[in-house]
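Have a look at the structure below before the remarks.
The values are calculated or read from the model by the stated rules, or taken from the named source; none is laboratory data. Keep in mind that this is a model prediction, so the values were computed, not measured. Using ideal geometry, Cβ is built from the backbone for each residue, glycine included, and neighbour counts are taken over all protein chains shown. These area figures cover heavy atoms from the full protein model, side chains too; ligands, DNA and RNA do not enter into them. Shrake-Rupley method; radii C 1.70, N 1.55, O 1.52, S 1.80 Å.
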Amino acid sequence: MEATRKFPREDGLENGLKVLREGYMYAPNRHHIYKSDAFETKLLGQKTIVIGGEEAVKLFYDESKFKREGAAPEPAKATLLGKGGIQGLDGEDHRNRKKLFMDMMSKERIEIWAKLVEKHLLKATMKWLEKDSIVFYEESQKILTEAVCEWAGVPLPEKDVDKRTKQLVSMFESPMAASTRHIEGRIGRKQAESWCSDIIKQVREGDLHPKEETALYKVAWHRELDGNLLDLKTAAVELLNVLRPSVAIAIYFAFTALSLHQFPEVKEKLNGDNPYYLHMFIQEIRRYYPFFPFNGAITRKDFVWEGYEFEEDTLVILDFYGTNHDPRIWEKPEEFNPERFSDWHTSPTDQVQMKLVAQGGGDYDTGHRCPGEWNTVRAMEILTDFLINKITYTVPDQDIGYSMVDVPTVPKSGMILENIDLKD
């Protein structure tokens, strides 16, 4: 029989306030204090095990040991995720729904997405030429809203861009926010689901005819294992699971602009002889800067890992940020160093799936890894080339620091850019 040991345990009947106070550093701080890849705490009134590190990633994405149903807390479902979506499915139901999303991610569709991101960047630039300055994070939100709606086949009149952008942004900015912003996220979710439900209804009634390769068409006509179409509410949630994460890339857009400012030495390398350096640069942005801090799952059964005994039906949280800054995985993780990814330019491998967990880990096709990850990477590649080779701008004095408590976080100024012009 395998010997077991007790989890290091954090005192307190409820430690959720500590998560809110410490944000991205809550889990890494305790992994360091306890000198353990796992510790026990109490969150939202229930026993919770928090794990981190490469071996923890492998464990967390083992579907024989974990399920997602019931893992997401109510505040996240009411804002970020919605109810009934792919994130809470398991087994054959999950694989059927995951195929819906993976079918959208062909190389051809990813390149169409890239062209649309560039198109809307250029469209926005035409307006920036007439302004003294812009807040790049806010502008990126609108660019990505327009780009993803066009890519997904979702009608978006110009007069509605600001409204829809605000709704989509409110969902990913609010799950761990204080009262006012959280309420805005709940309202944004409700309004966006109503909008998407109406669009899907129009498709099914023959009043709207999106192209078959678009997300709108695929979601509207997707059938579950029982042969039935998704109900309108669930279909709306899944359509938003295409739109919302695509707009959340605005966080990475802001950090891309910040990294080019903070580390100007990379600009020469980006235009150098190494054709893979751009991809390396993007991956380092995703590793180095904070995005979303963790994810949760529920244990399916009792098992022992690293000498720790996990009980069935226990909430387990995987620490993304700490894993992406784990010195056992990354040499000098506090340094920004794209060269660490010099051998990562091939298709996804075990090291991609189990080390870099910027948007989750595990297998793309069958697991719970984000299906839109390559859309994220391509959008960031397009943006980087645009900022370096298509436009000129200056970065005025501003507060470029970012909070490690606010989740998600961006540079406090939103990255102000001035004197924008097109390159000759």
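Points to keep in mind about this one:
- Taking 22 Å as the limit for the C-alpha separation, the pairs Lys119/Lys412; Lys42/Lys332; Lys77/Lys233; Lys77/Lys115 exceed it in the case of Lys119/Lys412; Lys42/Lys332; Lys77/Lys115.
- 3J(HN,Hα) from dihedral phi, the range 289-298, Karplus parametrisation 6.51/-1.76/1.60, rounded to Hz, x for glycine, proline: 8, x, 10, 10, x, 6, 9, x, 8, 10
- Pairwise label distance in nanometres, Ser133 with Asp11, each label 7 Å out on the Cα-Cβ vector: 4.7 nm
- Contour minus Cα-Cα distance for Ser106 and Thr314 (0.36 nm per residue): 71.2 nm
- Across the protein chains, with a 1.4 Å probe defining accessible surface, the residues Ser194, Ser106 rank Ser194, Ser106 from largest area downward.
- Å² per residue, accessible surface of the chain at 1.4 Å: 45 Å²
- Extreme residue, positive dipole direction of the range 166-225, given options Met176, Ile200, Leu216 (C-beta unit charges): Met176
- Given charges at beta-carbon only (K, R positive; D, E negative), |dipole| of the chain in Debye: 760 debye
- When the residues Trp374, Trp221, Trp128 are ordered by accessible surface, computed with a 1.4 Å probe over the protein chains alone, the sequence from largest down reads Trp221, Trp374, Trp128.
- Order of exposure, largest accessible area first, which applies to Met126, Met102, Met380 with probe 1.4 Å: Met126, Met102, Met380
- Amide hydrogen neighbours beyond the local backbone of Leu44, cut-off 5 Å, H modeled: Asn15, Gly16
- Between Lys190 and Val405, the contour length at 0.36 nm per residue exceeds the alpha carbon distance by 74.7 nm.
- Sites matching trypsin sites (Lys or Arg not before Pro) across the range 1-71 that sit in DSSP coil, with at most 13 neighbouring C-beta atoms within 10 Å: Lys6, Lys35
- Split the accessible area of the chain by element, probe 1.4 Å, and carbon with sulfur accounts for 50%.
- DSSP bridge orientation in the chain - percent antiparallel, rounded to nearest 5: 75 percent
- Pairwise FRET efficiency - Arg181 versus Lys412, Cβ, R0 = 22 Å, nearest 0.05: 0.90
- Stretch gain in nm, segment Lys42-Asp198, where the contour uses 0.36 nm per residue and the Cα spacing is subtracted: 52.1 nm
- Near Tyr308, the amide H atoms lying under 5 Å from its own belong to Arg5; only residues 5 or more places off or on other chains count, and H is placed 1.01 Å from N.
- All Cα pairs of the range 102-221, percent lying beyond 18 Å: 60 percent
- Take every Cα pair under 8 Å whose residues are at least 6 apart in sequence, average their separation, divide by the length of the chain, and the relative contact order is 25 percent.
- Spatially, the range 96-163 and the range 205-221 are offset by 19 Å when compared through their Cα centroids.
- Placing unit charges on each Cβ (+1 for Lys and Arg, -1 for Asp and Glu) gives the chain a dipole about its Cα centre, and among Val357, Leu243, His325 the Cα reaching farthest toward its positive end belongs to Leu243.
- Span-like helix ranges in the chain, DSSP H, alpha carbon extent 27 angstrom or more, Kyte mean at least 0.5: 232-262
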